[in-house]
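The values are calculated or read from the model by the stated rules, or taken from the named source; none is laboratory data. Just so it is clear, the model here is predicted, and its values are computed rather than measured. Ideal geometry is used to build each Cβ from the backbone, glycine not excepted, and the neighbour counts take in all protein chains shown.
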Amino acid sequence: MKQNIRRQQWEGYLFVLPLLLVIIGLVAYPFSLGIWLSLTNKIVALPARFVGLANYWKLFHNSIFRQTVQNSVIYTFLGVALKLVFGMGMALILNKQFRCRNFFRGLLLLPWVMPIVVTCMIWFWMLNDMRGLVNAVLIETGLMKRSVAWFADRRTALLSLIFVHTWIGTPFFGINFLAAMQAIPRVLYEAAEVDGASVWRRFAHITLPGLRNVMVVVTLLSLIWTFNEFQIIWLLTRGGPGNSTQVFATLTYIIGIRSMRLGLGSAVSLVIFPPLAVIIMILVKVLGRVK
């Protein structure tokens, strides 16, 4: 009997072994190599020399890195919060019965399915300070007296990027929330309405609890993706003007790829891992309490 159990255990290990090797090859090895590089002064085409925590010490005493941390936090949390709010509103509207509902559902998915390059080109033109549509409309309506260089002004560049990012990412929240709302039994809303529950109470006690699991997963995914955002920022501002839109992904690219300082670039990419893990765990607990 014991031999059969032991044989089944070994058979289970053999079935898991291929997956374990894939995980080690695709996750564990690159991550371990990144940690090792961050502890060296590795430069492309030159041998690596172990320097310990010198790269991290250099980063924490660098003003550009401190600006990058601030930009990344603002960009991530403001972007995710706006997508969460607008995505919820989008789902609530599209969950109602009205004519051409399916057409508008498809139409509002366009920002999510369009290529990032095309989207950035469109918004770069619309927010252009010379002949952009947004400036033209604001000036014609008397809301502004002169054009604003939205992506070239330190005061507006980061907020403009957050706006574009929110416009692109809101449909991802909206379509997932809408799918979850479709699974909530209609009889719950009918019973609550008969009992005299207001719209807000039906939303707080039926809709939100029904969306809890989806909300946790979508928010976590968006948090990770937004924190590692590169394409939108690089295409529109390249981290400028004056590092006012520099985030971890762009700084890592500039240091590690353009400057070929792989050791310092690895340190930039790894320094955010511990705080991001803590934030994710806190977010899971907070959103998991929604009832």
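Some notes on this structure:
- Evaluating S63 against the criteria (1) under 17 Å from T252 (Cα atoms); (2) surrounded by 13 or more Cβ atoms within 10 Å (Cβ to Cβ) leaves one unmet condition, (2).
- Only one of the listed residues (S72, S32) is within 30 Å of V216 (Cα to Cα), without any contact (Cβ under 8 Å) to a residue 12 or more places away in the chain and among the small types (G, A, S). That residue is S32.
- Extreme residue, modelled with the lowest pLDDT, among residues of the range 185-212 that are hydroxyl-bearing (S, T, Y) and in a helix (DSSP H, G or I): Y189
- Helices (runs of 4 or more DSSP H) (entirely within the range 1-109) containing at least 2 residues that are of a type in the set (A, V, I, L, M) and over 22 Å from F230 (Cα atoms): 2-23, 63-94
- Residues located in the range 146-184, provided they are in contact (Cβ under 8 Å) with a residue 60 or more places away in the chain and outside any helix (DSSP H, G or I): F151, A152, D153, R154
- Pairs are defined by a Cβ separation below 6 Å, a sequence spacing of at least 6 or placement on different chains, a first member in the range 235-256 that is in contact (Cβ under 8 Å) with a residue 24 or more places away in the chain and closer than 22 Å to P115 by Cα, and a second member that is of a type in the set (G, A, S) and in a helix (DSSP H, G or I); the pairs so defined are T237/A157; T245/A157; V247/S72.
- T245, sole failed condition from (1) out of contact with any Gly (no Cβ under 9 Å at 6 or more places or on another chain); (2) of a type outside the set (A, V, I, L, M, F, W, C); (3) in a loop (DSSP other than H, G, I, E, B): (1)
- No other residue among V137, V117 is β-branched (V, I, T) and either in contact with a Phe, Trp or Tyr (Cβ under 6 Å, 6 or more places away or on another chain) or touching a residue at least 24 places away in the same chain (Cβ under 8 Å) (or both) apart from V117.
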